[in-house]
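Student: First, the structure itself, so that you have it in front of you.
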Amino acid sequence: MQEICDDLAAEHAALDAVVAGLGDGDWHRSTPAAGWDIADCIGHLWFFDCRASMALSPDTVDAFAADAAELMSQAAAGHDLAMEAARALSPASLLETWRRDRASLISLARGVDPSARIPWYGPAMAARSFITARVMETWAHGQDVRDALGLPAEVTSRLKHVAHIGVRARPFCYANNRRELPAGEVRVELVAPDGSTWAWGPEQSDDRVRGTALDFC
C-alpha cells in the first residue's frame, strides 16, 4: 500500500511539472478528450481525488454516499457537477487546490487497511485497488494533457498499475456491457520500460496479448 501511495504521489508530481508553468491561455488548450481543455483534465482529477478522500474516511463515508447519489442523479439530468465545480476555479486556484487535496488523499490512504472495501461509483474495491485506480486515472488524464501540449508520454514503471487495471477489469467490462465473459483466461505479456516482461494469466492460455506496456496502456 505504501508503494502504491508513493507511485500515486510520483504520478501527481510528474503531471504537476507539466502544468505548473503554463500560462492561462495554455490551460485552456483543447485535449483529445472531447470538450475538455487542460484545466478540465486537472479539475476532473482534483474533484475525484476529493471524493476518494471522502470514500476512504469512516468519518465521511456516509457523506460520500449521499454526494455520489446526487452526482449521479444530476448526471442523468445532464448536469456535470464535477466539471461545474472545477470550472469555477481559476487555473492558479485549481493548481493550488489540487496540490493540497491530493496530498490529503495520499496521507489518508497510507493509514487505510489495504484490504478494506471502499465504496465508489461502481462496485466497491479493496483499498489497494482503489488507490491503484487513482494512479491509472492520473496517468490517463495526464496523457491527454501531454497530447494537448505535444509532449511525449510519461513512461515509467508506474505503467504497471495502469496495465494491471486493464487486465483485471476484463470481467467487469463484459458485465457492464451485458455480455457473457468467454470461457478461459487471457495471457498478457508486456515489455516493461526497463526491458523486462510483465505477465498476467496462465502461460498455457491459447488467447494472448503481447506488446509494449505503453501501447497496452
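Student: Can you pull out the residues in the range 139-153 that are of a type in the set (Gly, Ala, Ser) and either open to solvent by 40 Å² or more (accessible area, probe 1.4 Å) or under 18 Å from ILE4 (Cβ atoms) (or both)?
Tutor: ALA140, GLY142, GLY150
Student: OK, next. Being open to solvent by less than 90 Å² (accessible area, probe 1.4 Å) and of a type in the set (A, V, I, L, M) is the filter here, so list the residues in the range 176-217 that pass it.
Tutor: Of everything in the range 176-217, those that are open to solvent by less than 90 Å² (accessible area, probe 1.4 Å) and of a type in the set (A, V, I, L, M) turn out to be LEU181, VAL186, VAL188, LEU190, VAL191, ALA192, ALA199, VAL209, ALA213, LEU214.
Student: Scan (1) in contact with a Gly (Cβ under 8 Å, 6 or more places away or on another chain); (2) of a type outside the set (Val, Ile, Thr); (3) in a loop (DSSP other than H, G, I, E, B) for the single condition LEU190 breaks and write down its number.
Tutor: Failing condition for LEU190: (3).
Student: When you check ALA34 against the structure, is it among the aliphatic types (A, V, I, L, M), out of contact with any Leu (no Cβ under 8 Å at 6 or more places or on another chain) and either assigned to a helix (DSSP H, G or I) or under 14 Å from ARG99 (Cα atoms) (or both), yes or no?
Tutor: No: the conditions fail for ALA34.
Student: Of all residues in the range 160-175, which are open to solvent by 60 Å² or more (accessible area, probe 1.4 Å) and either among the aliphatic types (A, V, I, L, M) or part of a loop (DSSP other than H, G, I, E, B) (or both)?
Tutor: Within the range 160-175, just ALA175 meets the criteria.
Student: Taking the condition of being in contact with a helix residue (DSSP H, G or I) (Cβ under 6 Å, 6 or more places away or on another chain), touching a residue at least 24 places away in the same chain (Cβ under 8 Å) and more than 16 Å from SER157 (Cα to Cα), how many residues in the range 167-199 meet it?
Tutor: Of the residues in the range 167-199, 1 are in contact with a helix residue (DSSP H, G or I) (Cβ under 6 Å, 6 or more places away or on another chain), touching a residue at least 24 places away in the same chain (Cβ under 8 Å) and more than 16 Å from SER157 (Cα to Cα).
Student: Among the residues that make up the range 49-67, is at least one of them under 16 Å from the mean Cα position of the chain (by Cα) and of a type in the set (Ser, Thr, Tyr)?
Tutor: Yes, the conditions are met somewhere in the range 49-67.
Student: Can you spot a residue in the range 123-131 that is open to solvent by 70 Å² or more (accessible area, probe 1.4 Å), within 30 Å of HIS28 (Cβ to Cβ) and either out of contact with any Asp or Glu (no Cβ under 9 Å at 6 or more places or on another chain) or modelled with pLDDT of 95 or more (or both)?
Tutor: For the range 123-131, residues open to solvent by 70 Å² or more (accessible area, probe 1.4 Å), within 30 Å of HIS28 (Cβ to Cβ) and either out of contact with any Asp or Glu (no Cβ under 9 Å at 6 or more places or on another chain) or modelled with pLDDT of 95 or more (or both): absent.
The values are calculated or read from the model by the stated rules, or taken from the named source; none is laboratory data. Just so we're clear, the structure is a prediction, and the values are computed from it rather than from any experiment. Counting neighbours? That spans all protein chains shown, and the Cβs are built from the backbone with ideal geometry, glycine included. Surface accessibility is based on the protein's heavy atoms, side chains included, excluding ligands, DNA and RNA. Shrake-Rupley method; radii C 1.70, N 1.55, O 1.52, S 1.80 Å.
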